[in-house]
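J.: There's a structure below that I have some questions on.
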Amino acid sequence: MTEDKPGWREMPEGAISYKCTLDYETGDWGVEYPEIDYERCSKCMLCHFYCPEGAVRVRSDGYTEIDRRYCKGCGICVEECPVKCMKMVRKV
Amino acid sequence: MSDLTLKEAALKPDLLASGHRLCAGCGETIIARMILKAARGPTIATSATGCLEVSTSIYPYTAWMVPWIHSAFENAAATASGIEAAWRAMRRKQKGPLSRYETLDIIAFAGDGGTYDIGLQALSGALERGHDFTYVLLDNEAYMNTGIQRSGGTPFAAETTTSPSGKAVPGKKEWKKPIDEIVIAHEIPYAASINPAYPMDVLRKSRKALEADGPAFLHALVPCSRGWRFPPEKTIEVSRLAVQTCIFPLYECRFLEGRPHYELSSPSLAIAKKPESKKPVEEYLRIQGRFNHLFRPEMRVDLISSIQEWVDNRWEMLKEKSGV
Ligand code: SF4
Ligand code: SF4
């Protein structure tokens, strides 16, 4: 009997995650996403820190950009932008 | 202390990856991302059961870009203690995967349920034994992950599914447990309150906590749009109002030469110096649906003023302790 049982090497990996959530795009959660008016952006980077998703990246030129693959459309960045240069736009 | 500028932090890659399943507008990830940006180098994280834990580890995915362990609800601090003890043993024997790290940032994340209630004894033990780790209390003031049940961290009069508001009972009947005092009574080197609305303050305090020689405690207020009943884009506004009304003041406390030294952090210090800028707590309560019953159908002036008294009293005590 015992010899038919799988050894630990054959057991499934169990609770050890093997994929990164970067493969799981949450961008379809929201109905709107933010757009930045770069003419007025002051490069304060607050939107980068306030985004719960890490979907606002800071580019090497200091401007931020929205990664729509992960943005859940919460609207925090738009609400908090000190120069009000962001707005939510509907997905088409 | 090695300072971390906002720019440096912004360019550091996130150690908590996008694609996690926390609700839109969640305050927990905002602050967890900032804290992880303050990590100095090799880092190991552990979480108690809670929103952050379930939503970052939905099998087979993980959002953690550093080694991360979850074992049970009540033992985040005990798990962190074990990590630290293992690291020290490997250093001593010069053997094992952790032996080459001169510093190791060990961070335990736990919610209010995992801290005020279920994890309190594990936390107390780890603080007393003096393990070198940073404990982060992500306080969203109820068991949100299981559907908004009250905890020791839920404030007075807040409505939760187990402290409903009705004719007889106006939401939670008890006051919020003074967890900071309980933790500081353990005479640990560093404790501080933090809030997602103030990124520079979070980065500075997180770095200090990680650099502290011994246990450090960060109490983060993390507004929860679902449980506190406000629109998700208001998370930062609610956070900021908590500081502006002094219901959640920002301060730090170091233990030096046998006694605690409290210091108000700049956003709260500014209010202490200019008392007329302190906003009435009503402004904080009014924008959250969990306090709706204090305003509708009729204004419960009695309850609002007892909350204001509680806030004022604790604020005065904190000012006294900080010598302002
Ligand atoms: S709307 Fe929310 S999720 Fe989208 S980029 Fe702004 S802060 Fe991030
Ligand atoms: S918050 Fe506004 S001004 Fe600041 S970097 Fe983002 S878009 Fe630019």
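The values are calculated or read from the model by the stated rules, or taken from the named source; none is laboratory data. Worth saying up front: this structure is predicted, and the values here are computed from it rather than measured. Glycine also receives a Cβ, built like all others from the backbone with ideal geometry; neighbour counts cover every protein chain displayed. To get the accessible areas, we keep the full protein, side chains included, count just its heavy atoms, and leave off ligands, DNA and RNA. Shrake-Rupley method; radii C 1.70, N 1.55, O 1.52, S 1.80 Å.
J.: I'd like to verify a number: residues in the range B:154-190 that are in a loop (DSSP other than H, G, I, E, B), surrounded by fewer than 22 Cβ atoms within 10 Å (Cβ to Cβ) and of a type in the set (G, A, S), how many?
T.: 3
J.: Still on this model: Conditions first: (1) more than 13 Å from ligand 2 (Cβ to nearest atom); (2) buried (at least 22 other Cβ atoms within 10 Å of the Cβ). A:D67 passes all but one, so which condition is the exception?
T.: Against the list (1) more than 13 Å from ligand 2 (Cβ to nearest atom); (2) buried (at least 22 other Cβ atoms within 10 Å of the Cβ), A:D67 comes up short only on (2).
J.: Can you give me the number of residues within the range A:70-91 that are at positive phi and within 11 Å of ligand 1 (Cβ to nearest atom)?
T.: The number of residues fulfilling the criteria is 2.
J.: Okay, next question. Can you say whether A:E79 is over 27 Å from B:Y61 (Cα atoms) and without any contact (Cβ under 8 Å) to a residue 12 or more places away in the chain, as far as the supplied structure shows?
T.: yes
J.: For the range B:278-298, enumerate the residues that are modelled with pLDDT of 95 or more and either open to solvent by 70 Å² or more (accessible area, probe 1.4 Å) or assigned to a helix (DSSP H, G or I) (or both).
T.: The answer is B:V281, B:E282, B:E283, B:Y284, B:L285, B:R286, B:G289, B:R290, B:F291, B:N292, B:H293, B:L294.
J.: Within the range B:1-99, which helices (runs of 4 or more DSSP H) (wholly inside it) include 3 or more residues that are within 14 Å of chain A (Cβ to nearest Cβ) and open to solvent by 10 Å² or more (accessible area, probe 1.4 Å)?
T.: Hits in the range B:1-99: B:6-11, B:51-56.
J.: Another question, if that's okay. Using the structure shown, decide if A:K72 is buried (at least 22 other Cβ atoms within 10 Å of the Cβ) and at pLDDT 95 or above.
T.: When the stated conditions are applied, A:K72 passes them.
J.: Let me spell it out: the conditions are (1) in a helix (DSSP H, G or I); (2) more than 13 Å from chain A (Cβ to nearest Cβ), and B:E233 meets all of them except one. Which number is the exception?
T.: Failed condition: (2).
J.: Going through the range B:237-263 one residue at a time, which ones are within 27 Å of B:L127 (Cβ to Cβ) and open to solvent by less than 10 Å² (accessible area, probe 1.4 Å)?
T.: B:S239, B:A242, B:V243, B:C246, B:L250, B:E252, B:C253
J.: If you don't mind, another one. Among (1) near ligand 2 (Cβ under 9 Å from one of its atoms); (2) at positive phi; (3) open to solvent by 20 Å² or more (accessible area, probe 1.4 Å), there is one condition A:M45 misses while meeting the rest; what is its number?
T.: (3)
J.: Looking at (1) within 16 Å of ligand 2 (Cβ to nearest atom); (2) at the interface with another protein chain (Cβ under 9 Å from one of its Cβ atoms), find the lone condition where A:I36 falls short.
T.: (2)
J.: Consider A:V58 carefully, then state whether it is more than 11 Å from ligand 1 (Cβ to nearest atom), touching a helix residue (DSSP H, G or I) at 6+ places or on another chain (Cβ under 9 Å) and either within 8 Å of chain B (Cβ to nearest Cβ) or under 30 Å from B:P67 (Cβ atoms) (or both).
T.: In short, yes.
J.: Could you please give the count of residues in the range A:1-18 that are open to solvent by less than 60 Å² (accessible area, probe 1.4 Å) and either assigned to a strand (DSSP E or B) or away from chain B (no Cβ under 14 Å) (or both)?
T.: Total meeting the criteria: 1.
J.: Any idea which of B:S206, B:S151, B:S193 is open to solvent by less than 30 Å² (accessible area, probe 1.4 Å) and part of a loop (DSSP other than H, G, I, E, B)?
T.: Answer to the selection: B:S151.
J.: Right, next: Return a yes/no flag: does the range A:19-32 have any residue that is surrounded by 10 or more Cβ atoms within 10 Å (Cβ to Cβ), touching a residue at least 40 places away in the same chain (Cβ under 8 Å) and touching a Pro at 6+ places or on another chain (Cβ under 9 Å).
T.: no
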